[in-house]
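Participant: Mind looking over this structure? Questions follow.
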Amino acid sequence: MTAQHHPTAPNDPLRVYAAHYPDVVRSGSLRDALQGESDRGGHGLTVELTPSPGWRHSAATVAAEGRSAMAHMALEVRSFSVDCWSGGIRMATGSTDDLSAVAGAMSTWLRASRVRDLVTEWPLMRTWELAEAHERGEAVPTRWRQLREATGRPQDSALHQLVEAAFAQPALRALSPGRSTYWLTFSRRAAPPICHDLPRVRPLRSGGYLIACADGRQQETNEAAEAVALIVAALPDDVRRGPEGP
């Protein structure tokens, strides 16, 4: 049985949470309080601390077979935030003031439910199109469609021309596209670890495009189609053979 905790010292890390989280304060940490809820609900969770020392009392995590979920406490109101992950991808998020619901949602996620099943069973959770696309193995085409839609605005005309020219190339269309500040980037996979050894390109304010390779080489050109041709020519041989997966 967990010993009760009383945050009386001015430097006690739980003192600032006492008004909104008396149950967590009594347990001594969110990890211990969440473990207690799991045990009472028969969820079978093994609740651990997060890697961050600063969250030792206010956050907790669970993991099993490539999946994980983390919960942490808001400071000004009673609210537990929950993030669910799989293969390095955040698949769902949510918040609630009910710690038993946190334990239940985490348990459902670790039981290898699909993300749609999770959000149906636990309305506190929400997901998004790209998360479900990762489950279906369709993350790359979904990222391309979202990028083409996002850049199809008048103010993004130079980037949109570049994206459309890249999408027309099978070698690039098979890669996962991304945006880093002003750069259009490419990766062999949509899930981490994201590749950083492929060429990237961005529009220049003065007009034209700048292509940058991983070895530091840079080139400029005036046309989107020519910029994409230079990107394709600079791709490593293993990319020409095909990406490694979704």
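The values are calculated or read from the model by the stated rules, or taken from the named source; none is laboratory data. What you see is a predicted model, and the numbers here were worked out from it, not measured in a lab. Note: ideal-geometry Cβ built from the backbone for every residue, glycine included; neighbour counts use all protein chains shown. Surface accessibility is based on the protein's heavy atoms, side chains included, excluding ligands, DNA and RNA. Shrake-Rupley method; radii C 1.70, N 1.55, O 1.52, S 1.80 Å.
Participant: I need the full set of residues from region 72-105 which are under 17 Å from the mean Cα position of the chain (by Cα) and over 23 Å from P13 (Cβ atoms), in order please. Even if it seems obvious, please write down each step before you answer.
Facilitator: So in region 72-105, the residues under 17 Å from the mean Cα position of the chain (by Cα) come out as 72, 81-95.
Result: C84, W85, S86, G87, G88, I89, R90, M91, A92, T93, G94.
Participant: When you go through (1) acidic (D, E); (2) surrounded by fewer than 16 Cβ atoms within 10 Å (Cβ to Cβ); (3) modelled with pLDDT of 95 or more one by one for D12, which number turns out not to apply?
Facilitator: Of the numbered conditions (1) acidic (D, E); (2) surrounded by fewer than 16 Cβ atoms within 10 Å (Cβ to Cβ); (3) modelled with pLDDT of 95 or more, the odd one out for D12 is (3).
Participant: Counting only residues that are of a type in the set (S, T, Y), give me the strands (runs of 3 or more DSSP E) lying completely in region 161-214 with at least 2 of them.
Facilitator: Working: elements: 176-180, 183-187, 200-203, 209-212.
Here the list reads 176-180, 183-187.
Participant: On to the next question. Which strands (runs of 3 or more DSSP E) sit wholly inside region 50-91 and have at least 1 residues that are open to solvent by 30 Å² or more (accessible area, probe 1.4 Å), out of contact with any Asp or Glu (no Cβ under 8 Å at 6 or more places or on another chain) and more than 19 Å from A131 (Cα to Cα)?
Facilitator: On the way: elements: 59-64, 67-73, 80-86.
The strands (runs of 3 or more DSSP E) meeting that bar are 67-73.
Participant: Within region 155-189, track down each residue that is more than 23 Å from the chain's Cα centre (by Cα), surrounded by fewer than 15 Cβ atoms within 10 Å (Cβ to Cβ) and not small (G, A, S).
Facilitator: If the condition is that a residue be more than 23 Å from the chain's Cα centre (by Cα), surrounded by fewer than 15 Cβ atoms within 10 Å (Cβ to Cβ) and not small (G, A, S), then Q155, D156, P170 are the ones that fit.
Participant: Scanning for something open to solvent by 60 Å² or more (accessible area, probe 1.4 Å) and assigned to a loop (DSSP other than H, G, I, E, B), does region 133-143 turn up at least one residue? Show your work before the answer.
Facilitator: Filtering region 133-143 down to residues open to solvent by 60 Å² or more (accessible area, probe 1.4 Å) leaves 136, 138, 141, 143.
Keeping just the survivors that are assigned to a loop (DSSP other than H, G, I, E, B) gives 138.
Yes, region 133-143 contains at least one residue that is open to solvent by 60 Å² or more (accessible area, probe 1.4 Å) and assigned to a loop (DSSP other than H, G, I, E, B).
Participant: Something else now. Test A112 against the stated conditions and say whether it is among the small types (G, A, S), in contact (Cβ under 8 Å) with a residue 12 or more places away in the chain and under 24 Å from D32 (Cβ atoms). Walk me through it before giving the result.
Facilitator: On the way: among the small types (G, A, S): yes; in contact (Cβ under 8 Å) with a residue 12 or more places away in the chain: yes; under 24 Å from D32 (Cβ atoms): no.
Here the answer is no, as A112 does not meet what is asked.
Participant: In this structure, does A103 turn out to be touching a His at 6+ places or on another chain (Cβ under 6 Å), open to solvent by less than 10 Å² (accessible area, probe 1.4 Å), part of a helix (DSSP H, G or I) and not β-branched (V, I, T)?
Facilitator: Values: touching a His at 6+ places or on another chain (Cβ under 6 Å): yes; open to solvent by less than 10 Å² (accessible area, probe 1.4 Å): yes; part of a helix (DSSP H, G or I): yes; not β-branched (V, I, T): yes.
Yes; evaluated as a whole, the condition is true for this residue.
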